[in-house]
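Written below as structure tokens is the structure these notes are about.
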Number of protein chains: 2
Amino acid sequence: MIKMKKFSIAIHGGAGTILKKDMTKELESAYLDGLREALLSGYTVLENGGTSLLAVETAVSNLENNILFNAGRGSVFSHNGLHEMDAAIMNGKTLDAGAVAGVTNIANPIKLAMLVMQNSEHVLLSGQGANDFATEQGFSFEQNEYFFSQLRYDQWQVLLGSDNYALDHSNPVNEIKDGKKFGTVGAVAYDQFGNVAASTSTGGMTNKKYGRIGDSPLIGCGTYANNKTCAISCTGHGEPFIKAVAAYDVSCLMEYKGMSLQQAMNEVVHVKLVKLQGEGGMIGVDSHGDTAMIFNSAGMYRASKSSDSKMEIAVYK
Amino acid sequence: MIKMKKFSIAIHGGAGTILKKDMTKELESAYLDGLREALLSGYTVLENGGTSLLAVETAVSNLENNILFNAGRGSVFSHNGLHEMDAAIMNGKTLDAGAVAGVTNIANPIKLAMLVMQNSEHVLLSGQGANDFATEQGFSFEQNEYFFSQLRYDQWQVLLGSDNYALDHSNPVNEIKDGKKFGTVGAVAYDQFGNVAASTSTGGMTNKKYGRIGDSPLIGCGTYANNKTCAISCTGHGEPFIKAVAAYDVSCLMEYKGMSLQQAMNEVVHVKLVKLQGEGGMIGVDSHGDTAMIFNSAGMYRASKSSDSKMEIAVYK
């Protein structure tokens, strides 16, 4: 009997002030179901001998299709009443990467990011130009209604009259002003070929203006993958993650200082990001297929599973 | 007599296949004059006790105002006949950063990047949204004619009928198809207070489409500054610089492996970027005020000067 090689996957659905007291049993259960389903969709790819790249695309697409998470279908409203989405994917074997920022009416921005990587000479496309690329690649566009949810709409209305924006993604309307939930989804995986990959997707901040781009689609900041070290997907207050070049910093601490994945992620999340008031977390997988999920906020929607360990799904600390 | 504290500045005006045989004496002289003028504009700020942040903004603004360089006024034509510009600035003392991508009709994108850093809660603004922010900040907009030059127009016309784009910025029209000149400007500086800063600005690639964003406005990729280590501004084929997270990699090699600025820049430019087919170069200054200018292409427009060394201006290897 041939022993199957190790493989593993971890996903996140955002981080922030996620407190048990604010959660109904039904909502919590829906989140856990959503995480389980997305995790298994990616895990199945790996189990069937698929690549880590396909696994992270599959898992993130699944989360994008779930209206509970702030990405794809569940994206929050930006200031102009649209859903402006960002996504990135990176292949740890080749360092190839693709990303989009500020795309609209695309059901699965992560699939567009994948095509930027595969079918263009570029890494990052933005705005209407990225939508034009989607058209050329044969993407179909969803009507605005596809992205509508009453919760998101109510959240937006709370902020619309103000210049405020909110990073929240799932908490009750009356808490959104705290700006303490970071709606992003992501996945990292290690496949049977020993390759790692990372992907991240987000609907950004409620009421965001000015074509703001956060860390999610930025290679090295919110998303990074390198077979030498690790694959990382971040979720949190984007600006400090950009200043910290958070995802690549984990990789550098491993490559140049010999830290383990866990040590490097602890250093970045609990020391460096804290200094920059960077609330949030990240998931990672290293070149041995070991995963880690670290956050400095009250909670992070997260799940992981490997071929030699049980499924782990959690929300709170 | 009080001994003045050390200060230094380095600038670049792009890299690529810049060969003496392709250059007229007059054009070369104009480039050298432009570099000298920009360098001295930043140097004077430092000499008068100004901050490195103001020095790099001043030097890059000066280059943006010079039609010879692909940034600001001299920006190339994008596919739609506009000038879509990117810029970033970073403060090594605080790690604060500001950047804009795909802005139009702005004479000095670097000044807008500075205001993103100072007057917004964001790091990176893009497209029309970034222009809206400029309006709110009281920016005046230039007509398209301000950015017109016959050379750039001819370069664009060569490529317009095709799907090709070119990174060139200054070579004759008949060479533009090589895609081997990388039009970007940048500055790094170390001031009398011991703080470093970096700034980068570009008009991108001739005939670029899809809202493509290169490395210049991406913190950690084309631009990075940290008092612990160094300030870096890159110029080159943007995509490999993004995959390499080139600017932050120099910082990490210094902080985590104890390399000197020169060693770290050599490692990134001559080893890592070469592996990724990343042609171009970078300028840097470390936390002692020592500068370095390294490139793997035939040439890089560059200049440097410190309070204890003579001015250096060069184009070729």
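Run down the aspartates and glutamates and flag those whose C-alpha is under 15 Å from the C-alpha of B:LYS93, throwing out any fewer than 8 positions away in its chain.
Correct list for B:LYS93: B:ASP191, B:ASP286.
Rounded to whole Hz and in sequence order, give me ³J(HN,Hα) for the range B:267-280 from the Karplus expression 6.51 cos²θ - 1.76 cosθ + 1.60, θ = phi - 60°, writing x for Gly and Pro.
4, 6, 6, 8, 10, 5, 5, 4, 4, 9, 6, x, 8, x
Could you give me the radius of gyration and the Dmax of the protein assembly as shown, taking only the C-alpha atoms into account and expressing both in angstrom?
My reading of the Cα-based Rg and Dmax gives 23.3, 84 Å.
What number comes out for the charge environment of B:LEU32, summing +1 per Lys or Arg and -1 per Asp or Glu over other residues with Cβ under 13 Å away?
Working: positive: B:LYS20, B:LYS25, B:ARG36, B:ARG302; negative: B:GLU26, B:GLU28, B:ASP33, B:GLU37, B:GLU312.
Its environment carries a net charge of -1.
If a cysteine in the protein assembly as shown has no other Cys Cβ under 4.7 Å from its own Cβ, put it on the list, ordered by number.
Lacking a cysteine Cβ partner under 4.7 Å: A:CYS221, A:CYS230, A:CYS234, B:CYS221, B:CYS230, B:CYS234.
Return the ratio Rg/(2.2 N^0.38 Å) for chain B, where Rg is computed over Cα atoms only. Can you show the working numbers first?
Details: Rg = 17.6 Å, N = 317, 2.2 N^0.38 = 19.6 Å.
It is 0.90.
At 222 nm, what value in deg cm²/dmol follows for chain B if DSSP H runs of at least 4 each add -39500 (n - 2.57) and the sum is divided by all its residues, to the nearest 500? Walk me through the numbers on the way to the answer.
Numbers: 8 runs with 92 residues, N = 317.
Per the formula, -9000 deg cm²/dmol.
Run the reach check for B:LYS208 against aspartates and glutamates, Cα to Cα strictly under 16 Å, same-chain hits fewer than 8 apart removed. What comes back?
Partners found: A:GLU121, A:ASP132, A:GLU136, B:GLU84, B:ASP86, B:ASP154, B:ASP163, B:ASP168, B:ASP178, B:GLU239.
State which entries of A:LYS257/B:LYS275; A:LYS243/B:LYS305; A:LYS21/A:LYS305; A:LYS20/B:LYS228 exceed 30 angstrom in Cα-Cα distance in the structure shown.
Values: A:LYS257/B:LYS275 22 Å; A:LYS243/B:LYS305 28 Å; A:LYS21/A:LYS305 27 Å; A:LYS20/B:LYS228 40 Å.
Listed pairs above 30 Å: A:LYS20/B:LYS228.
For peptide A:252-261, compute the average count of partner chain beta-carbon atoms within 10 Å of each residue's beta-carbon.
Working: counts 9, 3, 1, 5, 9, 4, 1, 1, 0, 0.
Mean partner-chain Cβ count within 10 Å for A:252-261: 3.
Let me confirm one metric for peptide B:238-250, namely the mean number of other chain beta-carbon atoms within 10 Å of its residues' beta-carbons.
Working: counts 3, 8, 2, 1, 9, 11, 4, 13, 1, 2, 7, 7, 0.
Other-chain Cβ atoms within 10 Å of each residue's Cβ, averaged: 5.
Residues of A:88-98, mean number of Cβ from any other protein chain within 10 Å of their own Cβ, rounded to a whole number?
On the way: counts 0, 0, 1, 1, 0, 0, 2, 8, 3, 3, 0.
If you average over the peptide's residues, the count of other-chain Cβ atoms is 2.
Suppose we look only past 22 Å in the calculated P(r) of the range A:39-129. What percent of the Cα-Cα pairs does that tail hold?
Numbers: 1160 of 4095 pairs.
I get 28 percent for the Cα pairs in the range A:39-129 exceeding 22 Å.
Summarise the accessible area of the range B:8-316 (1.4 Å probe, protein heavy atoms) by the percent that is carbon and sulfur. If you can, show how the numbers build up before the last one.
Details: 4740 of 9880 Å².
Whole-percent figure for carbon plus sulfur exposure: 48.
How much net charge surrounds B:ALA187 when only the other residues with a Cβ under 14 Å from the Cβ of B:ALA187 are counted, with Lys and Arg +1 and Asp and Glu -1? List each step's numbers first, then the result.
Details: positive: B:ARG36, B:LYS111, B:ARG302, B:LYS305; negative: B:GLU37, B:GLU57, B:GLU64, B:ASP191.
Taking every other residue near B:ALA187 into account, the sum is 0.
Which residue fluctuates the most in chain B, going by a Gaussian network model with Cα springs under 10 Å, if the choices are B:ASP215, B:ASP33, B:ASP290?
Looking only at B:ASP215, B:ASP33, B:ASP290, the biggest GNM fluctuation is shown by B:ASP33.
How much accessible surface area, in Å² rounded to 10, belongs to the heavy atoms of A:ARG302 with a 1.4 Å probe?
Counting only protein heavy atoms, the figure is 20 Å².
Once the label point is placed 7 Å from Cα along Cβ, list for B:GLN262 the distances to the corresponding points in the other copies, in nm, shortest first.
4.2
What are the ³J(HN,Hα) values, in whole Hz, obtained from phi via the Karplus relation 6.51 cos²θ - 1.76 cosθ + 1.60 with θ = phi - 60°, for each residue of the range B:234-246 in sequence order, with x given for Gly and Pro?
Whole-Hz 3J(HN,Hα) from phi for the range B:234-246: 9, 8, x, 6, x, 4, x, 5, 5, 4, 7, 6, 4.
Taking H as built 1.01 Å from N, whose amide H comes closer than 5 Å to the amide H of A:ALA107, not counting residues under 5 places away?
Amide H to amide H, under 5 Å and 5 or more residues apart or across chains, A:ALA107 pairs with A:GLU142.
Give me, ordered by chain and number, the residues 5 or more places off B:TYR210 or on other chains with an amide H under 5 Å from its own placed amide H.
The answer is none.
Ratio to report: Rg/Rh of the range B:188-308, with Cα atoms as the point set and Rh obtained by the Kirkwood method; give two decimals. Mind showing how you got there, number by number?
Details: Rg = 13.7 Å, Rh = 14.2 Å.
Rg/Rh: 0.96.
Taking chain A as a Gaussian network, Cα atoms linked when under 10 Å apart, which of A:GLY284, A:GLY214, A:GLY50 shows the biggest mean-square fluctuation?
Judging by the Gaussian network model, the answer is A:GLY50.
Roughly what % of DSSP beta bridges within the protein assembly as shown run antiparallel, to the nearest 5? Present the calculation step by step, with values, prior to reporting the outcome.
On the way: 110 of 118 bridges.
Counting only bridges with both partners in the protein assembly as shown, antiparallel ones make up about 95 percent.
Say a label goes 7 Å from Cα toward Cβ at B:ASP308 in every copy; what distances in nm does this one have to the rest, shortest first?
5.5
Given 25 °C and 0.890 mPa s, how large is the Stokes-Einstein diffusion coefficient of the range B:190-260 in µm²/s, with Rh as the Kirkwood radius over Cα pairs? Before the final figure, lay out the partial values.
Values: Rh = 12.8 Å.
Rounded to a whole number, D works out at 191 µm²/s.
Using a probe radius of 1.4 Å on protein heavy atoms only, what is the accessible area buried between chains B and A, both sides summed, to the nearest 100 Å²?
Working: alone 12660 and 12650 Å², together 21780 Å².
The buried area between B and A, both sides summed, comes to about 3500 Å².
How charged is the neighbourhood of B:ARG73? Take every other residue with its Cβ under 12 Å from the Cβ of B:ARG73, and add Lys/Arg as +1 and Asp/Glu as -1. Present the calculation step by step, with values, prior to reporting the outcome.
Working: positive: B:ARG152; negative: B:GLU64, B:GLU142, B:GLU145.
Neighbourhood net charge equals -2.
Note the distances from A:LYS21 to each other copy's matching label point, with points 7 Å along the Cα-to-beta-carbon direction, in nm, sorted shortest first.
Distances to the matching label points in the other copies: 7.7 nm.
Go through the range B:117-126 residue by residue and turn each phi into a ³J(HN,Hα) via Karplus (6.51, -1.76, 1.60, θ = phi - 60°); whole Hz please, and just put x for glycine and proline.
After applying 6.51 cos²θ - 1.76 cosθ + 1.60, I find 5, 7, 10, 10, 8, 10, 9, 10, 10, 9 Hz.
Connecting C-alpha atoms closer than 10 Å in a GNM of chain A, tell me which of A:ASN108, A:ASN195, A:ASN119 has the biggest fluctuation.
Fluctuation is largest for A:ASN119.
The values are calculated or read from the model by the stated rules, or taken from the named source; none is laboratory data. Remember, it's a predicted structure, so these values are computed and weren't measured experimentally. A quick note on method: Cβ atoms are made from the backbone with ideal geometry, for glycine too, and the neighbour counts reach across all protein chains shown. We work out accessible area using only protein heavy atoms, side chains counted, and drop any ligands, DNA or RNA first. Shrake-Rupley method; radii C 1.70, N 1.55, O 1.52, S 1.80 Å.
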